[in-house]
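Novice: Next up is a structure, given as structure tokens.
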Amino acid sequence: MVERIEHEGILLAIIIRASYKQEGINFFTPNDFSQQLGYMNRKKGYVIEPHVHKLVERKVVLTQEVLYIKSGSVLVNFYDDTQAFLEHRTVTTGDVILLANGGHGFEMLEDSEMIEIKQGPYVGEEDKIRFRT
């Protein structure tokens, strides 16, 4: 299952549940996203030809991040750009979530391990506006 979380026509997040399965390849993000998220399911013997990626200058103006929930259960709270709470979802072991727009916060519902992937280079606190709800 794939869930798209939107608010007023803006995509906040994409959740790919651990149970998701499909043949072939599927990308969930539009081509203009700075973080591309896809899924591949290929049969034994399928070959992806060796390749290198060219140096291509890209301009990134918004950090988008992907979290893979290695174990546990995490409550994800979503906020709009005015820091107003919108809704929440729970992600669990094996789920993947792309955080695309708006604000977000997390509460660990049980001991949890997450792997985070986002654009670099890392700029520390210059990248975030922290707020309280």
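A short reminder: the numbers here are calculations on the coordinates, not readings from a lab. Just so it is clear, the structure is predicted and the values come from calculations on it, not from any experiment. Every residue, glycine among them, receives a Cβ derived from its backbone with ideal geometry; neighbour counts consider all protein chains shown.
Novice: Can you pull the three principal axis extents for the Cα set of the chain, in Å, largest first?
Specialist: Sorted largest first, the three principal extents are 51, 36, 30 Å.
Novice: Tell me, what ³J(HN,Hα) does each residue in the stretch 107-123 have, in order and in whole Hz, if you take phi through Karplus 6.51 cos²θ - 1.76 cosθ + 1.60 with θ = phi - 60° and put x for Gly and Pro?
Specialist: After applying 6.51 cos²θ - 1.76 cosθ + 1.60, I find 10, 6, 7, 7, 3, 9, 10, 10, 10, 10, 10, 8, 5, x, x, 5, 10 Hz.
Novice: Ranked by Cβ crowding within 10 angstrom, fewest neighbours first, how are E125, E57 ordered? Before the final figure, lay out each step's value.
Specialist: Values: E125 7, E57 4.
The most exposed by this proxy come first: E57, E125.
Novice: Can you tell me the mean projection area, over all orientations, of the convex hull of the stretch 28-84's alpha carbons? Units nm², please.
Specialist: On the way: hull surface 29.5 nm².
Projected area, direction-averaged: 7.4 nm².
Novice: Taking the beta-carbon count within 10 Å as an exposure proxy, list L55, L37 from fewest neighbours to most. Display every interim value, and only then the final one.
Specialist: On the way: L55 5, L37 18.
Going from least to most buried by this count: L55, L37.
Novice: P(r) for the stretch 1-46: what percent of alpha-carbon pairs falls in each 5 Å bin, starting at zero?
Specialist: 5, 17, 26, 23, 15, 8, 3, 2, 1
Novice: Under a straight-distance cross-link criterion of Cα-Cα below 18 Å, which lysines are reachable from K43, leaving out those fewer than 8 residues away in the same chain?
Specialist: Excluding near neighbours in sequence, the set is K21.
Novice: Further question: Hand me the trypsin sites (Lys or Arg not before Pro) from the stretch 99-133 located in a DSSP loop with no more than 13 other Cβ atoms within 10 Å, in residue order please. Mind showing how you got there, number by number?
Specialist: Working: sites: K118, K128, R130, R132; in loops: K128, R130, R132.
Qualifying residues, ordered by number: K128, R130, R132.
Novice: Could you name the lysines whose alpha carbon sits less than 28 Å from that of K59, not counting residues in the same chain fewer than 8 places away?
Specialist: The qualifying lysines are K118, K128.
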